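The values are calculated or read from the model by the stated rules, or taken from the named source; none is laboratory data. Just so we're clear, the structure is a prediction, and the values are computed from it rather than from any experiment. Here the Cβ positions follow ideal geometry from the backbone for every residue, glycine too, while neighbour counts run over all protein chains shown. Note: areas computed on protein heavy atoms with side chains; ligands, DNA, RNA excluded. Shrake-Rupley method; radii C 1.70, N 1.55, O 1.52, S 1.80 Å.
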Amino acid sequence: MAAFAESFKQLTGHEPYRWQVRLFETFCRGDIPAALDLPTGAGKTAVMPIWLLARKAGAAVPRRLIYVVDRRAVVDQATTVAQDIAEKYPELAVSTLRGRLADNRAWFQDPVRPVIVVGTIDMIGSRLLFSGYGVSKGMRPLQAGLLGADSLVVLDEAHLSAPFEALLRAVADERQGWRKPPVPAMRFMALSATGQQPEDGHGVGDPVFRLREEEQADEPIRKRLEAPKHLKVEAIADGKLAEEMTRRALELAGGNQRVLIYCDSRKMAVDVGEKLRKALNAQDKKAKLGETCVALLVGARRVREREQLARHPAYVRFARAEERGAETAPAFLVATAAGEVGVDLDADHMICDLVPFERMVQRLGRVNRAGRAVPAMVDVLVDAKAARKGEEERLGHVRRLLEGLPPVDGDRRLASPAALARLRNDPEKAQFIKDATTPDPLRPPLERAAVEAWSLTSLKDHTGRPEVAPWLRGWGDNDPQTQIVWREYLPWRVGAKKPDPETVEAFFSEARPHLSEILDTETRQVDETLRKRADKVLAEQPESAGYPALIILERDGRFRAAYTIGQLAGLTGAENKARRDALLRDLRHATVIVSRALGGLNKEGLLDAKAKGDELVTLDRAWDEDSAGAPSLAEIGYQVRTAGAGEPGGGWTPVYHCPMGEDDSDEAGDKDLLVYVFRGRKQPAAGDWAVAAREQSLQEHHAWAEQEARQIAQMLGLPQELSEALAAAAALHDAGKACERWQDYANNAAAFRQDPAKALAKFSGKANSDKLKLGEGAFYRHEFGSLRVAEENERIKALPAPMRDLALHLIAAHHGRARPLIPPYDDDSPPSMTQARARDVALRFARLQQEWGPWGLAWLEALFRTGIDWRASARLQEEEAQGAKEAVE
């Protein structure tokens, strides 16, 4: 264990606790507990380095660690832990919904590389169920396959996410046939502080990993368990909660204390934050302490601005845990539920309103977290008027539980983690705790029919495909959610009453909303804010009635609706109820692309009906001028410019032209939109690009792909017949590019006609997708053409029937189609043959899904796409980078 302790210290900067050593030993035996029952502050994010070191030691644990949390702020902090590890262990990849790593695609670039993925329930859960929010249909099976096989999914604070915990246990249950050998298993482990035994299902009989008595004696653990927190519950005058919170926070702050204020509503938090800023600025108008001493931690914030919070001077003081400096000013952090669960914060004192018991426990874990000897003062203020409707009785039970804690310091009560644990473990208090706790929402069971419906990702519509939200969150009173993105340029022709749906879908397939520019919030707030903004803009600019206001997309990128400013404005009154209801329906569970000119986003990244769009930074306006910790355009991989702005140069290649004039002139007018993709060395390989740094022959690409197939099969120890099937498919997967239509698309038609052996797989220069068009809405897909060649290939014919089926399916599906449909267009086959071939594709998919299981087949597709085709394509980039390095040297 000395070697583990030394390696652990190198990765984390401190010696492991005894429980961490024991967990490492457990992992090394190939055992993964059903749950870790650890108190707040025990260092549970150490699961990450422990998993990595166990893998390095040869333990039979999955190569992907998926760390799931239910708050975006915790995603940020957990990612920092993962990134610190990766800096000391470069072989590790890290991806997350955060800052520069948001949607960086690193987690699915290489299926054999160890990787940590940190994400929210919605981010991870929707992807696991073949329905990734904001993910294209073609990428959905790939991401589902990599999450659902060869992965260890860790759910933080699992007792607060019962529906998702039940889903993960069901997917990890190997008895259900979700994947079959040699496809690696998905494993699941809950992090919880409830002491509950996992439900019946996967993991029954597995031990719940708890701290042993001797492990609680470790000094850092002991200090945190006994951390003195002196709590008082007090009723206040109705309607005065914000004023009282502000007053008491200022009193507790003294000269340099850190005070955490929790509010049950976002509106209340914003109000308290503003009152604190005004009070501090009034104390010293020159210093303006309100700007540097008050930070706001709330949900529904654009990722770009959320990243700025991590560097706010006030927030940094709460996030430094035990580290203290010689501060001369106070610090205030005003938070909602976004800052409750799992956030690594440490305050000196806390003010909060009363919420259900499970949330009170989480809040108490953020004050005196390090276990300082000086007691933390905790004031719980009860404003009956502010309580949520229907919560009054439950909150009464919470108050009685808190007032029943051991008395200390006059009218205060001891609320240390040890005191709360004794309360939780007292059988006489079990019913009281249940009554004071929010009940788990009802949830649907995971059934094969639903999984198979989700897995049919190439079907545009499917009446039997349910929304995945109930499996992630359960049934309840959850408000519908909407994703909102602001852009300078919308693909909407000048003077048109509405945009062309086909153009919209094509444009946003190339300029897809990036995670760093998205704000997720309740649909009703989006509706209210956008309508108010439209009213204000129209009042100030009457001529703007016909201007584009927003485009609404389905989560998979399909066009849903569009509105001008005039159509959004003036929707008050009973006579407009039908139009308001229609707008609400359009906004629900959608991605809304809002014109920057409409505004609605303030400098803190929050929806605000008063915020104009004049200084709003968007992905296509001033994004790189102040990165604010967000990924650069080069890291994102694309940018949108007008034709009049000129070529960006430096590794950027145009891939899509969107005419904006009133006619279809082939020449780009100054206002036409151009989408450029980055092919420079700063952008990691992110797929199988036809447009590449240099030309590559089809023969060479096939040879490289076959080499990658054999290498990855050896690395994973796959059976020989599966290895041969992968190699055979790799050697033919792009054979459909050897036709005049595709070579014309690659600007290589003349050379190909002269010598078919000069067929290209990759090309440099501008692509023109119109050359692949066969008719209205019909485009040639080279995968379908490759099938024609592969079906007659002797090497494919020689494979055993099950492996032959798999090889043909992998060829058809290597761009995300053939689940079960693929466009049946091929110049070199009559319609009767193409229809029969497309029918065989669908039937073959059905057979293979039964044989390998939904996640098993998706994993094989992901293996073929990322580990074989993409790796072969990435070698072109690596070649260019090596050439540039040698030129410099």
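Please work out if Val592 is open to solvent by less than 20 Å² (accessible area, probe 1.4 Å), of a type in the set (Val, Ile, Thr), at pLDDT 85 or above and more than 29 Å from Arg865 (Cβ to Cβ). The answer is yes for Val592. When the residues of segment 325-352 are filtered to those that are under 18 Å from Gln257 (Cβ atoms) and out of contact with any strand residue (DSSP E or B) (no Cβ under 8 Å at 6 or more places or on another chain), which remaining residue is most open to solvent (accessible area, probe 1.4 Å)? The residue in question is Thr328.
Residues that are free of Cβ contacts under 8 Å to residues at least 24 places away in the same chain and among the basic types (Lys, Arg) were ranked within segment 397-450; the one that is nearest to Arg175 (Cα to Cα) is Lys434.
Checking the condition surrounded by fewer than 20 Cβ atoms within 10 Å (Cβ to Cβ), within 30 Å of Gln109 (Cβ to Cβ) and under 30 Å from the mean Cα position of the chain (by Cα), which residue from Leu821, Leu860 passes?
Working: Leu860 fails: surrounded by fewer than 20 Cβ atoms within 10 Å (Cβ to Cβ).
After applying the criteria, what remains is Leu821.
Checking each residue in segment 2-51 for being in contact with an Asp or Glu (Cβ under 9 Å, 6 or more places away or on another chain) and at positive phi picks out Gly13, Gly41.
Quick one: which of Ala78, Ala149, Ala82 is buried (at least 24 other Cβ atoms within 10 Å of the Cβ) and either in contact with a Pro (Cβ under 7 Å, 6 or more places away or on another chain) or at positive phi (or both)? Give the steps one after another, and end with the answer.
Values: Ala78 fails: either in contact with a Pro (Cβ under 7 Å, 6 or more places away or on another chain) or at positive phi (or both); Ala82 fails: either in contact with a Pro (Cβ under 7 Å, 6 or more places away or on another chain) or at positive phi (or both).
After applying the criteria, what remains is Ala149.
What single numbered condition from (1) in a helix (DSSP H, G or I); (2) open to solvent by 30 Å² or more (accessible area, probe 1.4 Å) fails to hold for Leu53? Of (1) in a helix (DSSP H, G or I); (2) open to solvent by 30 Å² or more (accessible area, probe 1.4 Å), only one is false for Leu53: (2). Across segment 421-465, which residue is farthest from Gln362 (Cα to Cα) among those that are open to solvent by 70 Å² or more (accessible area, probe 1.4 Å) and of a type in the set (S, T, N, Q)? Per the criteria, the residue is Thr463.
Within segment 478-535, the set of residues being open to solvent by less than 50 Å² (accessible area, probe 1.4 Å), modelled with pLDDT of 95 or more and charged (D, E, K, R) comprises Arg487, Asp527, Arg531, Arg533.
Can you report the number of residues in segment 399-418 which are small (Gly, Ala, Ser), surrounded by 15 or more Cβ atoms within 10 Å (Cβ to Cβ) and at pLDDT below 95?
So in segment 399-418, the residues small (Gly, Ala, Ser) come out as 404, 410, 415-416, 418.
Subset that is surrounded by 15 or more Cβ atoms within 10 Å (Cβ to Cβ): 415-416, 418.
Those still in the list that are at pLDDT below 95 too: 418.
Residues in segment 399-418 being small (Gly, Ala, Ser), surrounded by 15 or more Cβ atoms within 10 Å (Cβ to Cβ) and at pLDDT below 95: 1 in total.
When the test is whether a residue is over 23 Å from Ala172 (Cβ atoms) and modelled with pLDDT of 95 or more, Phe4 passes it.
Go through segment 150-162 and count every residue that is at pLDDT 95 or above and not hydrophobic (A, V, I, L, M, F, W, C). Summing the residues that are at pLDDT 95 or above and not hydrophobic (A, V, I, L, M, F, W, C) in segment 150-162 gives 2.
Residues of segment 693-751 that are touching a helix residue (DSSP H, G or I) at 6+ places or on another chain (Cβ under 8 Å) and polar (S, T, N, Q): Gln696, Ser697, Gln699, Gln707, Gln714, Ser723, Gln743, Asn748.
For segment 644-654, indicate whether the set of residues that are farther than 25 Å from Ile565 by Cα, open to solvent by 20 Å² or more (accessible area, probe 1.4 Å) and hydrophobic (A, V, I, L, M, F, W, C) is non-empty. Lay out the reasoning, then the answer.
If we filter segment 644-654 for residues that are farther than 25 Å from Ile565 by Cα, which is where we start, we get 644-654.
Filter once more, so that each one left must be open to solvent by 20 Å² or more (accessible area, probe 1.4 Å): 644-654.
So of that shortlist, the ones also hydrophobic (A, V, I, L, M, F, W, C) come out as 645, 652.
Scanning segment 644-654, I find at least one residue that is farther than 25 Å from Ile565 by Cα, open to solvent by 20 Å² or more (accessible area, probe 1.4 Å) and hydrophobic (A, V, I, L, M, F, W, C), so the answer is yes.
Report, by residue number, each residue of segment 13-43 that is surrounded by fewer than 21 Cβ atoms within 10 Å (Cβ to Cβ), in a helix (DSSP H, G or I) and in contact (Cβ under 8 Å) with a residue 40 or more places away in the chain. Selection gives Arg18, Arg22, Thr26.
Taking first residues from segment 708-720 that are of a type in the set (D, E, K, R) and partners that are open to solvent by 20 Å² or more (accessible area, probe 1.4 Å) and in a helix (DSSP H, G or I), the Cβ contacts under 9 Å between residues at least 6 apart in sequence or on separate chains come to Glu708/Arg871; Glu708/Arg875.
Among the acidic types (Asp, Glu) and touching an Asp or Glu at 6+ places or on another chain (Cβ under 6 Å) - does that describe any residue in segment 320-328?
no
In segment 475-496, the residues that are within 18 Å of Ser516 (Cβ to Cβ) reach residues that are open to solvent by less than 10 Å² (accessible area, probe 1.4 Å) and among the charged types (D, E, K, R) with C-beta atoms within less than 6 angstrom, at least six apart or across chains, in these pairs: Val485/Glu517. Inside segment 778-804, residues that are touching a helix residue (DSSP H, G or I) at 6+ places or on another chain (Cβ under 9 Å) and open to solvent by 30 Å² or more (accessible area, probe 1.4 Å) make up a count of 12.
Name the residues in segment 232-265 that are over 21 Å from Ala331 (Cβ atoms) and not β-branched (Val, Ile, Thr), would you? I'd like the intermediate steps shown before the answer.
To start, the set of residues in segment 232-265 that are over 21 Å from Ala331 (Cβ atoms) comprises 232-241, 264-265.
Lys232, Glu234, Ala235, Ala237, Asp238, Gly239, Lys240, Leu241, Asp264, Ser265, listed by residue number.
Tallying residues that are free of Cβ contacts under 8 Å to residues at least 40 places away in the same chain, of a type in the set (A, V, I, L, M, F, W, C) and touching a Leu at 6+ places or on another chain (Cβ under 9 Å) within segment 807-858 yields 3. Taken residue by residue, segment 58-70 has no member that is within 30 Å of Arg588 (Cα to Cα) and either without any contact (Cβ under 8 Å) to a residue 24 or more places away in the chain or touching a Cys at 6+ places or on another chain (Cβ under 7 Å) (or both).
Every condition in (1) surrounded by 24 or more Cβ atoms within 10 Å (Cβ to Cβ); (2) under 22 Å from Met268 (Cα atoms) holds for Ala376 except the one numbered (2).
Considering only helices (runs of 4 or more DSSP H) fully contained in segment 428-542, which possess at least 2 residues that are of a type in the set (Ser, Thr, Tyr)? Before you say what the answer is, go through the steps one by one.
Values: elements: 430-436, 448-455, 469-473, 501-510, 523-540.
By residue number, 501-510, 523-540.
Can you find, within segment 58-74, the residue that is nearest to Gly342 (Cα to Cα) among those that are basic (Lys, Arg) and open to solvent by 10 Å² or more (accessible area, probe 1.4 Å)?
Here is the first cut: in segment 58-74, the ones basic (Lys, Arg) are 63-64, 71-72.
Checking which are open to solvent by 10 Å² or more (accessible area, probe 1.4 Å) leaves us with 63, 71-72.
Numbers: Arg63: 24, Arg71: 8, Arg72: 10 Å.
Out of the qualifying residues, it is Arg71.
Annotation for segment 56-64: no member residue is of a type in the set (A, V, I, L, M, F, W, C) and within 16 Å of the chain's Cα centre (by Cα). Tallying residues that are open to solvent by 20 Å² or more (accessible area, probe 1.4 Å) and in contact (Cβ under 8 Å) with a residue 60 or more places away in the chain within segment 264-298 yields 5.
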